[in-house]
Amino acid sequence: MIFNRKIGKQLIVNCEKLETSVALLSNGKLEEYLMERHSSDPMPGNIYLGKIVNLEQKLQAAFVDIGCEKNAFLHYSDMLTGADEALEKIIESHPVEAAAPAGKRKKRGRSKTETLLDTAIKLRKRKLTVNDIPEVFKPGMELLVQVTKGPIGTKGARITTDISIAGRFLVLMPYADNLGLSSKIEGEVERTRLRKVLESLERPEGMGLICRTVGEGRKSIYFKHDLDILLDYWEKIDEALEKGISPAMVYREPSLLERTIRDFMTEDIDEIVVDNSEAYEQIYAAIKKFGGRKQAAKVIRHKPTQPIFEAYQITEQLNMVFQRKVPIAGGGYICIDETEALIAIDVNSGRSKAGSDQAELIFQTNCAAAEEIARQLRLRNVGGLVVLDFIDMKSMHHRDELYKLMKKLTKNDRAKTRVLPVSKLGLMEMTRQREHESIQDAVYVSCPYCRGSGLVKSPESMSVEIQRRLLAVLRNRSYRKTPIRVSMHPEVLQRLKNEDAALLEELEAEFKHELSFRSDEELHIEEFHIYNADSGVELV
């Protein structure tokens, strides 16, 4: 393991066949953890060049083919932004006819195109409403749409024509020529400063910007880097639109790797360590483009002598993410319980010894708990209402200091948080915005043994772990001639034999090593063993 140095802030990137994960370390301590698994479903934020299939007047909605299994749902109210652009396209495609006076146009034998042109000219003179949508859009027409909600059950994705591309600090609006600030940014002095920053940015004519909440207090250089990345995204969308092939996806919501690049350009990161050559080249090239060679030199390729998360002691820290009871400095601990209504966190003194100043000891324990709570909320990516039950403090000064500390600890959280002072009942309430699904929801499925009262890892998660463990074994030279057999729960074996069969074949071909797999119904779904197939001895 790597013990010899600590380098401030590091991003550790682990790329595997089924999963990409990124860990943020601060002096070796895990501060944030993000993971992403590949899916063919349209993600919120994706932009498509779609084709209208039909319009349902009763639903006041259009169904649009975006190239997915189910047609997307587009409500008339979400088509108003795209209606103005559609009218302009109709008029621009017939400049001669549009320029002719209305009285000199042919009255009889008019084609559908000419009738549509007349309608477009008429509608452009006033503000459009949802009642005008059927006159502007027709089945077969192409339009640019963005996914706002992924498919659920039998329903397709929800989409809109109000296009926007979100960065770390800015939101680019290609079809809205205005500047705006998040309503959550308070203080007129700061809002005035941010407006001046936005006005100073060089942006293409006709495009607008919104400053996100996390931009509060940031220098102009952060916004410039963010805008450069967003304009680069839009340039690629333009290139895809020129091809004019529909239905087609023209912009994919940034992957975890791309978000890593984006955040590196806007955060004070000292080092990025990547364990995959393709990901390394991608990150290096992007950072070199926007930040120069000096910034790109901070990207390091991890040598595959040891799994990267083990090398940086991340695995053992991750094991605490799913524990209900988390220890804190001084011998105390916190208990985290997630319910449908809220997240309840209880602070306990544990083995903390009573001293001469009991009030000060309680205050220090609560401060230590506050630091760990802020960290756990980021790691678990939980959101909603959070209720904190700190150890009772009689001193009003201590209560105020704890409140100030919690506000400071959550200030730089990626998700918007709001913290309230300690109440008369001794409770602190806070809210945390959820931007993505929690790590718990991504890794676990409802337990088949206890019918949802507990959690177990999914077959996909176990497949990731088995392949990770096999990779470590196969890289061990002492096992090169050892026949390997893996035993596991039948459901996990089913996953390996079907969805992940090709990945295992690649593993065998890469190491020229034949593997055998066996199911064992007596094993727990999270349990598996790797044996020497001849001797039956388990390999470590």
Among Gly180, Gly536, Leu425, the residue whose Cα sits farthest towards the positive end of the charge dipole of the chain, when +1 is placed on the Cβ of each Lys and Arg and -1 on the Cβ of each Asp and Glu, is Gly180
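Taking only protein heavy atoms into account and a 1.4 Å probe, give the accessible area per residue of the chain in Å². Spell out each step's value before the answer.
Numbers: 29360 Å² over 540 residues.
Per-residue accessible area for the chain comes out at 54 Å².
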For the pair Val321 and Val387, the simple spin-label estimate (label points 7 Å beyond Cα toward Cβ) gives in nm 2.7
Plugging the Cβ-Cβ distance of Lys70 and Glu506 into 1/(1 + (r/R0)^6) at R0 = 41 Å yields, to the nearest 0.05, a FRET efficiency of 0.85
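For the stretch 147-261, which whole percent of the accessible surface, found with a 1.4 angstrom probe, sits on carbon and sulfur atoms? Walk me through the intermediate numbers first.
Working: 2900 of 5920 Å².
Accessible surface attributable to carbon and sulfur in the stretch 147-261 totals 49 percent.
Once the Cβ-Cβ distance between Glu538 and Arg480 is put in as r, and R0 is 25 Å, what FRET efficiency do you end up with, to the nearest 0.05?
E between Glu538 and Arg480, to the nearest 0.05, is 0.90.
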Taking a crude spin-label model, label points 7 Å out from Cα along the C-beta direction, the Leu405 to Arg293 distance in nm is 4.7
Sorted on mean Cβ neighbours within 10 Å (highest first), peptides 376-385, 26-35 come out as 376-385, 26-35
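On a full-extension model of 0.36 nm per residue, what is the gain between Thr305 and Leu201, subtracting their alpha-carbon distance, rounded to one decimal in nm?
32.9 nm
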The base-10 log of I(q)/I(0) that the Debye equation returns for the stretch 188-265 at q = 0.14 Å⁻¹, one scatterer per C-alpha, is -0.58
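Give, rounded to the nearest 20 debye, the magnitude of the charge dipole that the chain has about its Cα centre when Lys and Arg contribute +1 at Cβ and Asp and Glu contribute -1 at Cβ. It would help to have the intermediate numbers written out before the result.
Details: 81 positive and 82 negative charges, 317 e Å.
Roughly 1520 debye for the chain.
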Pseudo-spin-label distance Arg259 to Glu281, built 7 Å along Cα→Cβ, given in nm, is 2.6
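Multiply the residue gap between Leu471 and Glu340 by 0.36 nm, knock off their C-alpha separation, and tell me the result in nm, one decimal place.
On the way: separation 131, 0.36 × 131 = 47.16 nm, distance 3.86 nm.
Extra length from Leu471 to Glu340 when fully extended: 43.3 nm.
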Normalised Cα Rg of the chain, dividing by 2.2 N^0.38 Å with N its residue count, works out at 1.17
Quick calc, Glu526 & Thr192: beta-carbon distance into FRET formula, R0 51 Å, rounding 0.05, result 0.40
A 1.4 Å probe over the protein heavy atoms gives the stretch 273-396 a carbon and sulfur accessible-area percentage of 51
Taking only protein heavy atoms and a 1.4 Å probe, the highest-to-lowest accessible-area order of Leu420, Leu503 is Leu420, Leu503
Extend 7 Å from the Cα of Cys447 along its Cα-to-C-beta direction; within the stretch 496-531, residues with backbone N under 20 Å of that point are 521-528
Once all protein chains are kept in place, Cys68 shows an accessible area at probe 1.4 Å, nearest 10 Å², of 40
If the chain between Lys58 and Ile245 were fully extended at 0.36 nm per residue, the gain over the current Cα-Cα distance would be 64.3 nm
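The values are calculated or read from the model by the stated rules, or taken from the named source; none is laboratory data. Please read these numbers as outputs of a predicted model, since none were measured by experiment. No Cβ is skipped: glycine too gets one built from the backbone with ideal geometry, and neighbour counts run over all protein chains shown. Heavy atoms of the whole protein, side chains included, go into the accessibility calculation; ligands, DNA and RNA do not. Shrake-Rupley method; radii C 1.70, N 1.55, O 1.52, S 1.80 Å.
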